[in-house]
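Below you'll find the structure, written out as structure tokens, and then a few comments.
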Amino acid sequence: MAVVTRDGEPGAAAGTTSRPAAATRLMASRLFASMAGLDWLAKVWWTCLSISLFAGLWELCWAMGWADEKLLPPPHIFLGNIGEQGKYFNTATRWQVGTSMTEGPSAFESVLITGAATTMRVFAGLVIASVLAIGVGVLVRYYRFFDRLVLPTITLLSPVSPIAWLPVAIFLFGIGNAPAIFMVVVALFFHMVLATINQIDTVNTNFINVARTMGASKSQIYLRVIVPAILPGMLQVLRMNLFGAWMVVLVAESTGVGYGMGQVIMLARNTFNPSLVFFTIAVIGVLGFAFDWLLRMAQRRILYWLPDTAERLRVL
Amino acid sequence: MSSENAPHFSSKDAVVCRGVGKTWAAGTKRAHEALRDIDLDIKPGEFVVFLGPSGCGKSTLLYLIAGLEDATGGQIWSFSDKVETPSPERSLIFQETSLFPWLTVWQNVSFGLAIRGASQEERRKVAAEALQRVGLIAAMDKRPDELSGGMRQRVAVARALAMRPKVLLMDEPFAALDVQTRARMQDFLLDVWRDSGASVLFVTHHIDEAVALADRVVVFTSRPGRIKTIYPIDLPRPRNLFSREAETMRIQLTELLRDEVDRAFAEQEAFAVPA
């Protein structure tokens, strides 16, 4: 039924599905949703188990007296005094408002504000770097002139450690958000340009040939075939670079380029406070994990056409 | 046979090749000759099968006719136009699935119209027509990965038909399919061919397929590919493939091919010998 109506009236396709079919579909989708929910629960369970195992081993080392609690405080100690540690976060805002250590936002709020500041820098850096890198990568393959002019410099700068750019970031942007974002962009941009070019080169030639036979122009082939074809690979590259971005942003923040998680780590180091170090590491871990999860969700949304291969590889 | 002679051909012919040759990586150390001195005339509405050992350049010739590659010698015309670039009039269907995985079936079929800037309404209409012809109208809103291999190739055929081509070029389109599906697809293709009135150039290395489909079989020599002989299949359609004549033709074609396959093997073995 649905097929016939679709044939006649293209626009009304969704509305004309017959009622029993719609009901079956609804039931099927509910069943699927509940299964997906269980799957999700299982994932949470395994994640908790994985972390508990690690924490448990650490606690064991402490209980046996192998780990000095002043140097390697186990989780129950460094997580136990969140209130105490939290006040070291968000020091920059305190400094900006000019209040003393005991006033201002609560410990929990401070952790949130600092975490959010760092996360925003990573996010901004990732977005800017990927837009620039995909743009430049496409241009390099589109125009031979651009390729010859730009690619040698990019390849030359690619192996330079982002740490080397730190002074440049300070010279150019001083202190604040800008230098930290700049560091993230610089750390990702060059690799991502090379990755984009590599992705373009491995696009199935049949796809391009089909478009050519259909009379597509060069720009149409790039827009309608090459860009969608490289998206899966590019999102993969983006995910891999996400962790790189987190590492660089900490370095940028810890050397006084800005304030944030990196600055808290630096503070902990200078005041010899291992508890604060581990607490910050835990927060960074959670943030990075959440960010990666979000990116995977986005990937699934954007790349709706890709089958899930992980399960197939596992059951081999 | 040489390309120096003035081309003498009817301007109504679907494809005309005169002295066509192709050398890959010409002018370098890795240069190798894929095709030499191909002279061929294909009439409108004719079904021609290119048969030859693998690596003999029959697919290369198809790409040259499609305009996707440039010939290094000779000239190709199609309906009195010189072939220099790809054209929607000559649609190519590949062995591997070449449907865009990010588009639905109907969007794939109407991709050529989208490029010309047709409205969504028109695109959907043309896609529906083409999918009707290949019997896949029900799969219109599906994604390619939801279809079987045979269905995907039918969608690829529909995509080619949507461009109303005068020449359908098919590069071993059924090679990846199982035997039963392949037989069904051959019947399907013959129906499509009869309806469309287009010429079909079909590359295969299966003798059975050649006898089932072709008006004429072009048998290629092994590398560099030349035309060894053009073998007419004058069996009435629909064909009884178990008839004595069909069997005789298969045997004759097998013998024609055997020398070439032997030669190709000997060549490969010569390469495999350690220095």
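Note on region A:210-220: among residues that are under 25 Å from residue B:95 (Cβ atoms) and surrounded by fewer than 20 Cβ atoms within 10 Å (Cβ to Cβ), the one that is modelled with the lowest pLDDT is A:215. Every condition in (1) away from chain B (no Cβ under 14 Å); (2) not in a loop (DSSP other than H, G, I, E, B) holds for residue A:160 except the one numbered (2). Within region B:238-262, the set of residues being open to solvent by 70 Å² or more (accessible area, probe 1.4 Å) and either over 30 Å from residue B:64 (Cα atoms) or in contact with a Pro (Cβ under 8 Å, 6 or more places away or on another chain) (or both) comprises B:238, B:240, B:242, B:244, B:245, B:247, B:251.
At pLDDT below 85 and open to solvent by 100 Å² or more (accessible area, probe 1.4 Å), is that true of residue A:303?
Details: at pLDDT below 85: yes; open to solvent by 100 Å² or more (accessible area, probe 1.4 Å): no.
Judged against the criteria, residue A:303 is not a match.
Checked against the criterion of being open to solvent by 50 Å² or more (accessible area, probe 1.4 Å), under 19 Å from the mean Cα position of the chain (by Cα) and within 11 Å of chain A (Cβ to nearest Cβ), region B:65-81 has at least one qualifying residue.
Please note which helices (runs of 4 or more DSSP H) are completely contained in region A:165-249 and include at least 1 residues that are away from chain B (no Cβ under 14 Å) and among the charged types (D, E, K, R). Helices (runs of 4 or more DSSP H) meeting the threshold: A:177-201.
Does residue B:261 satisfy the criteria of being in contact (Cβ under 8 Å) with a residue 60 or more places away in the chain and within 19 Å of residue B:38 (Cβ to Cβ)? Considered against the rule, which asks whether it is in contact (Cβ under 8 Å) with a residue 60 or more places away in the chain and within 19 Å of residue B:38 (Cβ to Cβ), residue B:261 comes out as no.
Only residues that are outside any strand (DSSP E or B) and at pLDDT 85 or above were counted in region B:15-56, giving 5.
Can you give me the number of residues within region B:188-204 that are open to solvent by 30 Å² or more (accessible area, probe 1.4 Å) and over 20 Å from residue B:98 (Cβ atoms)? Selection size over region B:188-204: 4.
The values are calculated or read from the model by the stated rules, or taken from the named source; none is laboratory data. Computed from a predicted structure; not experimentally measured. Because the Cβ atoms are built from the backbone with ideal geometry, glycine has one as well, and the counts that use them run over all protein chains shown. All accessible areas refer to the heavy atoms of the entire protein, side chains included, with ligands and DNA or RNA removed. Shrake-Rupley method; radii C 1.70, N 1.55, O 1.52, S 1.80 Å.
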